[in-house]
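Since the structure comes first, as structure tokens, the remarks are kept for the end.
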């Protein structure tokens, strides 16, 4: 049996790996297959056709072709970039250098440095003759020359000195933008007429004008020119990076110029000369749409494989380590396979009649809503729309905005149906999805600047997608539930209905067991909320936990009406009959195809505990010195591994025990509940179900509330007095 189980496990793993490999190969081949299929026969361009030659046959579009006129687009972008005003900035560093050098010269002359010293310090900026002229000045003349030159330098720096060479290289623009002209807002760009600045070519003329107005002696004029002009450099500097960024922004603002060649439209007629313009148009279309470089297609395929690999690794890590792991992984594989096929088919179909509506026909929300309702795992459910949207991003014509749009729609679908209690909740979630779809569609329309004529079609497609998604979820849910035998909310609610055949039979043949099961279900459901368990699973598990008693109800005390068949049996045989109801219950549960989680509750609701009554009876009836083996009077199951199974175990024991109390006061019930919990802990029946002492305290409190209400005391009603009306 163990070898068969291991063999089935290996076979399942191999099948899943093969499925993942196949889907990855299909997705990787998608770009190649689409490129090849789309390009076949769209435009039959003769090989080697040249401008000036006669076309051997009509060259026409066999279906509508939408393409970008790259030449016209580039011309418009160049025009936009050329219209950008050059960017400059005020350099405080240049101002500081100029003033510092001038102050250094003033200090050197004031100290009376000789010519050799001046040459050593200022030869980079002043010639030997200029330094000699300054050094020969009288002290009072030096002060006047340096004062005037300082004023002139500061005046021109305030006006702004700009490179004439750079302005000429930029085409002598009339207006430039300068950052830093206003000290209060140093980052503000100010457009200013270029003629308002002093170019480096105009510096001598401005100096000459200033000197003439000063009225200084003629012999000092050359010295003032030397001291001022030689230190001047542009303090309005060209900002190449900012200009390039502004030009690029201007280019990006220009939308690609789209052209349309309608189905059947003749581009070049047979026998007519092919113009260079027509040839360029044909080559542009072929190059842009159908003749992508092999490396581009290969990179798309590799990108797809990387996305798939990361996705499935994440899914495997997030899946719970239970027997459902391969089922859940199979469902995810099925979702991805269906979406991959749909994507390839839809891409090929919509390429023929491509419009902006295409994006609204992809069922990402359908698969994300199915994932959250079937798997019950929010992390995996959120990962699915992210992955599917990324997969859509690998197809021709998709944009980053499309990927974001599909991701948002998928996540919204999850949020609207993440906790459904009734199937009507799926319909309400679909309504919310439709409203969200329409709102996001409006954003999409505004973002893409879609004409009003197409907007109605987009909104209709969005509404249709949402409605179709809701319908498909409602149709597919039961199929997946029964195919994989999943314990979804809806399936569990169906099983909790007392009209189910098994529960009906229990009512008819083992009414006491049914009453007990209903009481256990009430206790388990009430305690589930307190410990974070699935209350619906706990309820269903409790209702079905004793279905193994249906065939022989008279051997169980709750169904007996005075005759106890165990009085005629040995304790060991009675224990065997009692133990058998668990095994029979498991077999019946499998026959009626209860979810595995419910079967586990049935199998674990007694764990490996001792059938204490018959064990003690066996000890009493044993001969002196005879050893009674406790294992012969113990259940052969495993202790509960889930909170739901543990709650059913405790509720089962508590409900049976409380019925034996003669006085059902609250203190006695509380003491009984806690003694049963303590007993289960001592016998290690709760060691595998991840319940803390705090949880058990909450369970005790919930049980106490239910049982106190159930067994509350009543005042005795007096008999009616005879003779009175």
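Any read-out appearing in this document is the output of simple, stated calculations on the displayed coordinates, not a laboratory observation. Only a predicted model underlies this, so the values are computations on that prediction, with no experimental measurement involved. Cβ atoms come from the backbone with ideal geometry, glycine included; neighbour counts cover every protein chain shown.
Kirkwood analysis of the Cα pair distances in segment 490-710 returns a hydrodynamic radius of 17.7 Å. For segment 319-486, the average shadow cast by the Cα convex hull is 9.5 nm², which is a quarter of the hull's surface.
From Cα pairs below 8 angstrom and at least 6 apart in sequence, can you work out the relative contact order of segment 138-284, rounded to a whole percent?
Across segment 138-284, relative contact order equals 28 percent.
Restricting the calculation to Cα atoms, segment 433-590 yields a radius of gyration followed by a Dmax of 26.0, 90 Å.
For segment 437-486, what percent of Cα pairs sit more than 17 Å apart? Considering segment 437-486, 49 percent of its Cα-Cα pairs are separated by more than 17 Å.
The modelled label-to-label distance for the pair residue 590/residue 438, using points 7 Å beyond Cα in the direction of Cβ, is 5.3 nm. Sorted into 20 angstrom bins from 0, the C-alpha pair distances of the chain split as 12, 25, 21, 18, 14, 7, 2, 0 percent. With a Förster radius of 30 Å applied to the C-beta separation of residue 249 and residue 182, the computed FRET efficiency comes to 0.85.
Between segment 498-551 and segment 655-688, the C-alpha centres lie 19 angstrom from each other. Angle of helix 276-285 to the longest C-alpha principal axis of the chain, folded into 0 to 90 degrees and rounded to 10: 30°.
Against the main long axis of the alpha-carbon atoms of the chain, helix 92-111 sits at an angle near 50°. Across segment 569-679, counting alpha-carbon atoms alone, Rg and Dmax equal 15.9, 49 Å. Stretched out straight at 0.36 nm per residue, the stretch from residue 447 to residue 196 would grow longer than its current Cα-Cα span by 86.3 nm.
In this simple spin-label model, placing a label point 7 Å from the Cα along the Cα-to-Cβ direction at both residue 621 and residue 241 gives a separation of 9.5 nm. Taking the centroid of alpha carbons for each part, segment 362-437 and segment 242-263 are 33 Å apart.
When only alpha carbons of segment 471-548 are considered, Rg and Dmax amount to 14.0, 43 Å. Each of 570, 588 has some number of other Cβ atoms within 10 Å of its Cβ, and from fewest to most they run 570, 588.
As a length-normalised measure over Cα pairs under 8 Å and 6 or more apart, the relative contact order of the chain settles at 12 percent. If the viscosity is 0.692 mPa s and the temperature 37 °C, what Stokes-Einstein diffusion coefficient in µm²/s follows for segment 373-431 when Rh is the Kirkwood radius over Cα pairs? In µm²/s, the coefficient is 266.
Between residue 91 and residue 323, what FRET efficiency follows from the Cβ-Cβ distance if R0 is 60 Å, with the result rounded to 0.05?
FRET efficiency, residue 91 to residue 323: 0.25.
Spin-label model, residue 661/residue 127: points 7 Å from Cα along the beta carbon direction are separated by 11.7 nm.
The residue 72 and residue 104 beta-carbon pair, evaluated with R₀ = 51 Å, returns a calculated FRET efficiency of approximately 0.30.
Nearest 10 degrees is fine. How inclined is helix 364-375 to the longest principal axis of the chain, computing both from alpha carbons? On a 0 to 90 degree scale, this one is about 30.
Determine one quarter of the surface area of the Cα convex hull of segment 397-460, which equals its mean projected area, and express it in nm² to one decimal.
4.8 nm²
Note on residue 276 and residue 165: the extension gain reaches 35.9 nm, defined as 0.36 nm multiplied by sequence separation minus the Cα-Cα distance. Per-residue ellipticity at 222 nm computed for the chain from its helices equals -21000 deg cm²/dmol, with DSSP H segments shorter than 4 residues left out and the rest contributing -39,500 (n - 2.57).
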